[in-house]
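Okay, structure first, notes after.
The values are calculated or read from the model by the stated rules, or taken from the named source; none is laboratory data. Predicted, not measured: the structure shown is a model, and the values here were computed from it. Don't worry about glycine lacking a Cβ; one is built from the backbone with ideal geometry, like all the others, and counts go over all protein chains shown.
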Amino acid sequence: MRLTRLRLVLPALLLLALAGVLSACGSSSSSSSGGTEAAGIPSEFKAPTSAPDSAEKGGTLTQLNEGDIDYMDPGAAYYQVTYSVTLATQRTLMGWPPNATQPAPDLADGQPQVTDGGKTITFKIRPGVKYSPPVDREVKSEDVKYAIERSLLPGVPNGYTPAYLADLEGFKQAEQAVKNNKTAAPDISGIETPDDQTLVLHLTRSSSIPVIQALSLPVSAPVPEEYAKKYDAASPSTYGQYVTFTGPYMVQNDCDVKVDTSNHTAEAQNSNCSGKLTGYKPGKSIDLVRNPNWTGDKEGDYRPAYLDQIQIQEGFSDPTSASQKILSGEDQVSGDFPPSKTVVQQVATTSKYNKDQMVAVPSGGNRYIALNMTKPPFGPGSGLSAEQALNVRKAVIANSDRTALRNTRGGELFGPVATHFIPPLIPGFDEAGGLQGPQGSEFDFVQNPNGDADLAKSYMEKAGFKSGKCEGSVCNVTMVGDDAPPGKDTATVFQHQLEQLGFHVTFQPVAHDIMYTKFCSVPANQPQVCPNVGWIKDFNDPQSILQVPFSGDSINPSNNSNWPQLDDPKINKAISDAVTITDENERAKVWGGIDDQITAQAPAVPWVWDNDVLVRSDDVNGVANLFNGEWDLAYTSLSNP
Amino acid sequence: MLRYIVRRVLWGVVLLFLVSAVIFLIFYVFPNADPAKLRAGRQANPRLISQIREQLGLSDPIWEQFLRYMTQVFTPFDWFGASQHGGTGPLNFGNSFQSNTPVKEIILDRLPATGLLVAGAVVFWLLMGLPVGIISAIKRRSALDRTTMVTSLAFISAPVFWLGLVALYLFASDVGLIHIFPGIGSYLDADTFLAKCWSLFLPWLVLAAATAAIYARYLRSSMIDVMSEDYIRTARAKGVGERTVIMRHEVRSAITPIVTLLGLDIGLLLAGNAILTESVFNIPGVGREIVVAINRSDLPVIQGIVLFGAFFIVTFNLIVDIAYAYLDPRVRYQ
Amino acid sequence: MSLLEIQDLKVHFETDDGIVKAVDGASFSVDEGQTLGIVGESGCGKSVANMTILGLTQSPITSIEGKIMFEGKNLLEASPEEMQAIRGEEIAMIFQDPLTSLHPFYKVGSQLTEAIHVHRDVSKQDARDRAIELLELVGIPDPARRMRDYPHEFSGGMRQRVMIAMALVNDPKILIADEPTTALDVTIQAQILRLIQSLQDRFGMAVVLITHDLGVVADTANYINVMYAGRIVEAGTLDEIFYDPQHPYTWGLLGSLARPDRPRVKRLSQIHGQPPSLLAPPQGCHFRPRCPHEFDKCKQTPSLDPRSGTPAHLDRCWLPPEKKRTLRVIQGDQIGLEAPAA
């Protein structure tokens, strides 16, 4: 998925912060696989991924957010910020305990069976899992089938289903059916439900690994058809206002659920209710309460669910004051914004707050600066051959001080400097070179994180610029980037770096969403440089981090996420072949190789493997979830509830 | 008088119509983020995007979209495909592109916060600004007068956002130096009306500060003009006591332009002008909502808030004009 | 004893350009039941002097010297409360422009009753009745209904009647009328003047009539003071001023007066020049620069003394009285101010 930190809106005048390079860090960037050390996080800021033994039930936690979740409807949920809510309120087929690097069965009763060379997947659904009031009934396998099918409706705009579940048999026919009837979910013949507890998926090719991973996304949260049908008939669907829940928590609805704080149970007060969510006020707040029908580990749920209630408050546009409110206050955690550089420095270098109130988690995402390979100077044209353009791109990467770029986000805590594209903790990371990156002379341009001016000069010469700097009208480049920090800072720093190499850069800052939907994601309007792009894994498989951003097959004219427009037939074929590898080790190896092939083409300047930085109040035992890089609301507890 | 009011109301409706048209035009002419793409997510294929666009009614010609919207707002009829795109009216402002919740619900949910913020601020800025203006005029050129005028200039020039942050860092109970008032986001925590009022104390002061300063200066100059009028001399010649001369005669005359200003200010604030105060303190009002809506190209929300805002401004202008006629008998029979 | 005696009143204003000597040593008195006319050009200090009686010229830049004796008390030393008790109760004043002199936002009735309530502890109804009574007295038709009207709903003449009613509502001992007819039509002027006179007959108060037009005081004044550039330059009875004027300025005023009771003159004589700046008035006699009869002695400030023979007829002119009688006659038998025929 596209990287987004629903960004800060208004900078504080009083607080002009410069990059807080943490002096007291002493991080060890040894490349060991797994663990947060791989992400370069110093041990004092390591996020706990399990609850302490002394954790107690009870209390209300407040999570402060800058923006809103994207959709309450799990069928449409796209951004990781929304997963904070879905991880706590829904039981998906496969789920993510906080410290898991691979999905664990949640609604599924055990790991699925993969047969037929990876083309048939059989899930057993746990019996006894019930929906929240007012639906109240047990979950059946038909509900998961319906959940997947409804995500084809245009009223349930799901970006993942066509990307990862298109290999289901009958998928194309289902898409056609939707064209004719937009008000009812189509039938996908490749999903079978022989009985209430069994779900069988038939694929047209052996892409079982990405399919199973994709079924850890919210789209596999069960949806009862008889309840949701009428809402899905509206255009767009209004199910998002009536969602029903299977997880330990639910969003408050008109059944008026009351939590008994003495024995930590919940009960609906109103039996005459429609299920309309009263606890979701878009842009304002989300009220989560215990789900009265959740039975916990009796039905195999690994979540402890300590808190009685959670309130997500939105609209905190200034990260400095919001972070300080959390750090000085009680019972609060941060949501979708990192602390500002000022606060990071405050926590790291002063004793105003405890150091362990600030933690970092790898987000599973990368950030890079895309160089448009379809036009000069980063692509052939105006007298530049493809070979020369490649050398120009290599020169640009060699010249860039990627540490400086990384530091515009706030310093080492925000992630190690990237040397290729697969982030730490994703299979294929080590195979692609780990933290050091791919070795060998063909990768020399990416090996110095602080930039190598001489090397850059030599690449420019190879590209035909005898002076070692760009010459001529081909050096005029346009860059469209964020108009607010920190994106704007990153773009500005890069602009200087380009100018060192002789380019004339016109920087056009625009609002974040406009940058994508009007410029960088529209090939016809795309400038030479898009500095504020990146990608987050959809799940822990390298396909989800490399396919869409770098395969030529995924370039499309109006919503393109392959920003460099890399279209190398060898890489394209390697990618589409690697989708169907069913052996885990081989998969990691092959995708690691693809990562290096991509890096060798120098389509973009990789500059950081992002860490999410979170803060909490002192009395909160925060547990972070490695899947979405946020506090896990079903594992976090208060120290005096 | 009745005919005058009716005429003004009709003009008000025409104005609302024109304002809506202008917003529509701006939205389509200026670059914004495509709401269909935003809704579709980053990996959506073009077909999905165009399906969403059609669902949102964005693939119809602009004039049709506009007339459909006007139909939904002002009439109960099902013209221009109203029932397929959000339902019929009247007073149906469509659904948010983002959350698909009715815009009217969103706005009515946000208005009380802005309303309470504005109401309290009005009280404070009148209480702070008017006495200062009167006293400064009476003690013109004294040390007190000069001090208040310089101070007021400082408050007018200080950016609201900065002032808000300073207030928080001085007085907020969580992050401030002196722990008195509730801090950021306390409005969201407040359950009762009184708790909400308490949470708005700092925002009231901050929002009132600059306005109070403006009103003080304005009233001061209005008073100085009035003080030299002949009828003030007559009042004194009648033997009226100084305090009565000031309050019943001078202030009574000087206050009328303030009334006009007040009506305009209230209308503007209810239309979303309190955005900065709402942002600093995280008050979920219409000001903050419209900025968020603009950033994600949520046209129905933008339209709805602007229309509500225009309505408030038109209404308050009308109220002010009627009040003015009540206050100044000379303008009554126009 | 006079009701009101002004002794050597000096009223100076400190401005950025210097000290403006608006009133530079004026002395006069008002007797019970008498009508005193004070005549002079605008800026001569007549309004300032009279407003000072009521304490209406007080300000940080004003300095006042002299004495204003009212019923044995020096008003310049009175406390603000004492002054308030006198204004509108013992001494009342009406002003030139009745439209701007009445509060536009209050009904006429309430402005009248305010004048009553400030000084008397009476019921609202009694005050109302008294106000209606006065309105009727000043000739406002349908006074009970008109009480509810606003000043802008009256015509100019009616408004001035209202002002007069307001001034007289507490039966003051002195009514000071500052140019009461200047802003009105000529026909209305006569009505107002007659009204004032009839009210004076009825109530017996003293009237100070301030004007720039000698014709206005010709009918009604007993005694006339002529003021010029902050000083009283001649003071005498009506007949004395009109028939035996002693000061060249008075001659000029008379000469420029159209006299329907006399044969038509060939031309009205005028006083050449402009009144002096009160910042830096001429040394000695203030009228010197405009006086065709000036001579050396005029450089000394003439004192205000009786020179014509009658003890109460005072003037400030060094010219010998016999000469005056000759110099003042122009064009045959008219009185006026002209350079003597060579």
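For the range B:170-192, filtered to residues that are in contact with a Leu (Cβ under 7 Å, 6 or more places away or on another chain) and in a helix (DSSP H, G or I), the residue that is farthest from A:Thr320 (Cα to Cα) is B:Tyr187. On the basis of being hydroxyl-bearing (Ser, Thr, Tyr), within 14 Å of chain B (Cβ to nearest Cβ), in contact (Cβ under 8 Å) with a residue 40 or more places away in the chain and in contact with a Gly (Cβ under 9 Å, 6 or more places away or on another chain), does A:Tyr280 make the cut? Against the criterion (hydroxyl-bearing (Ser, Thr, Tyr), within 14 Å of chain B (Cβ to nearest Cβ), in contact (Cβ under 8 Å) with a residue 40 or more places away in the chain and in contact with a Gly (Cβ under 9 Å, 6 or more places away or on another chain)), A:Tyr280 qualifies. Just the residues that are buried (at least 17 other Cβ atoms within 10 Å of the Cβ) and among the small types (Gly, Ala, Ser), please, taken from the range B:65-94. The answer is B:Ala82, B:Gly86, B:Gly89, B:Gly94.
Mind checking which residues of the range C:168-184 are within 17 Å of C:Met51 (Cα to Cα) and in contact with a Ser or Thr (Cβ under 9 Å, 6 or more places away or on another chain)? C:Ala177, C:Asp178, C:Glu179, C:Pro180, listed by residue number. Selection within the range A:162-199: residues that are crowded, with 18+ Cβ neighbours inside 10 Å and in contact (Cβ under 8 Å) with a residue 60 or more places away in the chain. The member of this set that is farthest from the other protein chains (Cβ to nearest Cβ) is A:Leu199. A count restricted to the range A:302-346 and to residues that are buried (at least 24 other Cβ atoms within 10 Å of the Cβ) and away from chain B (no Cβ under 14 Å) stands at 4.
A:Gly159: within 14 Å of chain B (Cβ to nearest Cβ), surrounded by 23 or more Cβ atoms within 10 Å (Cβ to Cβ) and either at pLDDT 95 or above or in a loop (DSSP other than H, G, I, E, B) (or both), yes or no? Yes. If you filter the range A:91-110 down to residues that are aliphatic (A, V, I, L, M) and buried (at least 23 other Cβ atoms within 10 Å of the Cβ), you find that the one that is farthest from A:Tyr131 (Cα to Cα) is A:Met94. Would you mind finding the one in B:Val292, B:Val280, B:Val286 that is in contact (Cβ under 8 Å) with a residue 24 or more places away in the chain, at negative phi and within 9 Å of chain A (Cβ to nearest Cβ)? Of B:Val292, B:Val280, B:Val286, the one residue that is in contact (Cβ under 8 Å) with a residue 24 or more places away in the chain, at negative phi and within 9 Å of chain A (Cβ to nearest Cβ) is B:Val280.
Being surrounded by 13 or more Cβ atoms within 10 Å (Cβ to Cβ), without any contact (Cβ under 8 Å) to a residue 12 or more places away in the chain and either on the phi < 0 side of the Ramachandran plot or assigned by TED's automatic domain parsing to the domain that holds C:Ala22 (or both) holds for only one residue in C:Ser256, C:Ser277, C:Ser269, and it is C:Ser277.
Residues in the range C:117-140 that are within 11 Å of chain B (Cβ to nearest Cβ) and either buried (at least 22 other Cβ atoms within 10 Å of the Cβ) or free of Cβ contacts under 8 Å to residues at least 12 places away in the same chain (or both): C:His117 alone. Looking at the range A:473-489, is at least one residue of a type in the set (D, E, K, R), in contact with a Pro (Cβ under 7 Å, 6 or more places away or on another chain) and without any contact (Cβ under 8 Å) to a residue 24 or more places away in the chain? Yes; the residues of the range A:473-489 include at least one that is of a type in the set (D, E, K, R), in contact with a Pro (Cβ under 7 Å, 6 or more places away or on another chain) and without any contact (Cβ under 8 Å) to a residue 24 or more places away in the chain. The criterion of at least 3 residues that are more than 22 Å from the chain's Cα centre (by Cα), of a type in the set (A, V, I, L, M) and modelled with pLDDT of 80 or more is met by the following helices (runs of 4 or more DSSP H) wholly inside the range B:1-73: B:2-29. Put simply, of C:Glu71, C:Glu77, C:Glu41, C:Glu114 the only residue that is farther than 30 Å from B:Thr256 by Cα and at pLDDT 90 or above is C:Glu77. The lone criterion from (1) facing chain A (nearest Cβ under 7 Å); (2) surrounded by fewer than 15 Cβ atoms within 10 Å (Cβ to Cβ) left unmet by B:Ile62 is number (1).
The residues of the range A:480-504 that are more than 15 Å from A:Arg393 (Cα to Cα) and not in a helix (DSSP H, G or I), listed by number, are A:Val480, A:Gly481, A:Asp482, A:Asp483, A:Ala484, A:Pro485, A:Pro486, A:His504.
Kindly provide the set of residues from the range A:41-85 that are among the hydrophobic types (A, V, I, L, M, F, W, C), in a loop (DSSP other than H, G, I, E, B) and within 14 Å of another protein chain (Cβ to nearest Cβ), ordered by number. Correct list: A:Ile69, A:Met72, A:Ala76, A:Ala77.
The residues of the range B:82-141 that are of a type in the set (A, V, I, L, M, F, W, C), within 14 Å of chain A (Cβ to nearest Cβ), touching a Gly at 6+ places or on another chain (Cβ under 9 Å) and in a loop (DSSP other than H, G, I, E, B) amount to a single one, B:Ala82. Looking across the range A:211-235, the residues that are surrounded by fewer than 24 Cβ atoms within 10 Å (Cβ to Cβ) and within 14 Å of chain B (Cβ to nearest Cβ) come down to A:Tyr231, A:Ala233, A:Ala234, A:Ser235. Taking strands (runs of 3 or more DSSP E) as the structural unit, no element lying wholly within the range C:152-233 holds at least 2 residues that are at positive phi.
Residues that are hydrophobic (A, V, I, L, M, F, W, C) and assigned to a helix (DSSP H, G or I) within the range C:36-59 comprise C:Val48, C:Ala49, C:Met51, C:Ile53, listed in sequence order. Summed over the range B:24-49, the residues that are without any contact (Cβ under 8 Å) to a residue 40 or more places away in the chain, surrounded by fewer than 23 Cβ atoms within 10 Å (Cβ to Cβ) and either aliphatic (A, V, I, L, M) or more than 7 Å from chain A (Cβ to nearest Cβ) (or both) give a count of 6. For the range A:274-293, the set of residues classified as touching a Leu at 6+ places or on another chain (Cβ under 9 Å) and either at positive phi or in a loop (DSSP other than H, G, I, E, B) (or both) consists of A:Gly279, A:Lys284, listed by residue number.
With respect to the conditions (1) farther than 19 Å from A:Glu584 by Cβ; (2) away from every other protein chain (no Cβ under 14 Å); (3) crowded, with 24+ Cβ neighbours inside 10 Å, A:Leu153 falls short on a single one, namely (2).
Please count how many residues of the range A:515-541 are crowded, with 20+ Cβ neighbours inside 10 Å, among the β-branched types (Val, Ile, Thr) and within 14 Å of another protein chain (Cβ to nearest Cβ). Residues in the range A:515-541 being crowded, with 20+ Cβ neighbours inside 10 Å, among the β-branched types (Val, Ile, Thr) and within 14 Å of another protein chain (Cβ to nearest Cβ): 3 in total.
Can A:Asp287 be described as under 15 Å from A:Thr86 (Cα atoms), touching a Phe, Trp or Tyr at 6+ places or on another chain (Cβ under 9 Å) and within 14 Å of chain B (Cβ to nearest Cβ)? Yes; evaluated as a whole, the condition is true for this residue.
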